[in-house]
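Heads up, the thing below is written out as structure tokens.
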Amino acid sequence: MKTALSYNTKEKNQVIIITNDLEQLIKKSRIKNGTLFAYSLHTTLSLMIQEASEPNLCQDFIKQLKKIVDDDGRKYQHTCAKHPSGTCEEDKANGPSHVRQLITNQNLIIDIKNGKLNLGQWQDVALLELDGPRQGREIVIKIIKD
Amino acid sequence: MKTALSYNTKEKNQVIIITNDLEQLIKKSRIKNGTLFAYSLHTTLSLMIQEASEPNLCQDFIKQLKKIVDDDGRKYQHTCAKHPSGTCEEDKANGPSHVRQLITNQNLIIDIKNGKLNLGQWQDVALLELDGPRQGREIVIKIIKD
Amino acid sequence: MKTALSYNTKEKNQVIIITNDLEQLIKKSRIKNGTLFAYSLHTTLSLMIQEASEPNLCQDFIKQLKKIVDDDGRKYQHTCAKHPSGTCEEDKANGPSHVRQLITNQNLIIDIKNGKLNLGQWQDVALLELDGPRQGREIVIKIIKD
């Protein structure tokens, strides 16, 4: 089974738990035992398996990524004015968002066991929006039978 | 073939090479050519393919992760007292461990060639414990025939 | 289908787009719908899916990785003189390169749709050389039919 999920994000940086959405897809696929693969279709959107149900920790993720990767987009070479496409309407100066994607995970591998994701006690699957708000953020999902 | 491996870790931060353990599983599976997928069941345990047989480099990994991600857990929002579960026995203040997991790899894809992992000259597969010591740290492993 | 691609890199840090090379392999495989898995055979070479066709952004990636991970290799424990192999000809002091690999992605999962990689508008697949120049940098590629 091959499909995609689409999300609208509301904040610059946002964690969205998608564990239930993935388990709905597994249910639909009628696959009881298999593997789920997923990846992001965007260069400023990552995937993670983390304790995303803990909102304080999600704040830490965002705060720390801002500390680790310099947050001042104007210091980056990646600007609208220099873009090879030649078009420059509005400069989002989102170099930092790209670098944060680069240092986080872009794909997922999860075992499916009895129709459920085989996750640890504290693990949830989540999108990590790094350059929102954006409409139609997509991830590709493949569910393959054992 | 689907299975899990479990490890007890002994230090706060520790690298444990698992290349041989994986190759034992491959032998047991009798699969000569295929793909091995693996992922961590924990939010503070990563997987890596690195020159893990070089102990000085492993020390560098740990030292650098402490520099890259602020090591003072008390500066993080993720504390026992604020945890949504409502229970607070002992505050491990392990926000830094979670962030280190976030910026390292959580899954593995490795080709199996003639019953062995198809790795480069300097590559070993290893667990990266980020919040030990812990009992029963598990990774899920799937071995799929070509 | 299982194969490898090999590249010679020319700079210490370099981004090389491989999207077309992968699509040539897909064409050769005659697989119209499937999944491509890939991983690096090196401990100082990463893979990424990013807006790699934007050269200014690629400069940012390299510049930021140098800021995030201390660039002075002499401060690291991983030196030729201490290497367990006992041989020490020339000290490359490339600890920083290994740590940069550790915090970026080592593998790829990409859906194949109608004989093409199913990528987003700004996504290209690229090697991220972290310790060049080097001859014969290899990635393993598996293309599996749906």
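General remarks:
- Highest-fluctuation residue, B:Val125, B:Val15, B:Val69 considered, GNM on chain B with Cα pairs under 10 Å: B:Val69
- Cα centroid separation - the range B:24-73 against the range A:79-139, whole Å: 23
- Crossing angle, helix C:55-68 versus chain C [Cα axis fit, 0-90 degrees, rounded to tens]: 40
- Relative contact order of chain B, pairs being alpha-carbon contacts under 8 Å that are 6 or more residues apart, as %: 55
- Among C:Ser46, C:Ser97, C:Ser29, the residue with the largest mean-square fluctuation in a Gaussian network model of chain C, with springs joining Cα atoms closer than 10 Å, is C:Ser29.
- Residues considered: C:Cys80, C:Cys88, C:Cys58. Largest GNM mean-square fluctuation over chain C, using C-alpha springs under 10 Å, is found at C:Cys88.
- Modelled label positions at B:Cys80 and A:Lys66, each set 7 Å beyond Cα in the direction of Cβ, lie 2.8 nm from each other.
- Under a model in which nothing but the beta-carbon of Lys, Arg (+1) and Asp, Glu (-1) is charged, chain B shows a dipole of about 480 debye around its Cα centre.
- Cβ-defined net charge surrounding A:Glu54, 12 Å radius [Lys, Arg +1; Asp, Glu -1]: -2
- Interchain or long-range residues, amide H under 5 Å from C:Asn105's placed H: C:Leu47
- Sparsely packed GluC sites (Glu not before Pro) within the range A:47-138, loop by DSSP, other Cβ within 10 Å at most 16: A:Glu89, A:Glu90
- With kT/(6 pi eta Rh) evaluated at 4 °C and eta = 1.567 mPa s, and Rh the Kirkwood radius from Cα pairs, the protein assembly as shown diffuses with a coefficient of 59 µm²/s according to Stokes-Einstein.
- Kirkwood-based shape ratio for the range B:2-145, expressed as Rg/Rh from alpha carbons: 1.03
- Length released on extending from B:Ser53 to B:Asp146, taking residue separation times 0.36 nm less the Cα-Cα span: 30.6 nm
- A:His83 sits among other residues whose Cβ lies under 13 Å from its own Cβ, and their net charge, with Lys and Arg +1 and Asp and Glu -1, is -4.
- Inter-copy spacing of C:Ser85 label points, which lie 7 Å from Cα along Cα→Cβ, given in nm from shortest upward: 4.5, 4.5
- Net charge, A:Asn8 excluded, C-beta distance under 9 Å - Lys, Arg +1, Asp, Glu -1: +3
- Note that the range A:72-83 has calculated 3J(HN,Hα) couplings of 8, x, 6, 7, 8, 6, 6, 10, 3, 5, 9, 5 Hz, one per residue in order, obtained from phi through the Karplus relation 6.51 cos²θ - 1.76 cosθ + 1.60 (θ = phi - 60°); glycine and proline are x.
- Cβ-vector label at 7 Å, C:Thr3, separations to other copies in nm: 3.3, 3.3
- Using a 7 Å projection from Cα along Cα-to-Cβ, the label point at B:Ile17 is separated from the same position in the remaining copies by 4.0, 4.0 nm, smallest value first.
- A cysteine counts as unpartnered when no other cysteine's C-beta lies under 4.7 Å of its own; in chain C this applies to C:Cys58.
Taken together, the values in this text are just the output of simple stated rules run on the coordinates, not laboratory data. Remember, it's a predicted structure, so these values are computed and weren't measured experimentally. Because the Cβ atoms are built from the backbone with ideal geometry, glycine has one as well, and the counts that use them run over all protein chains shown.
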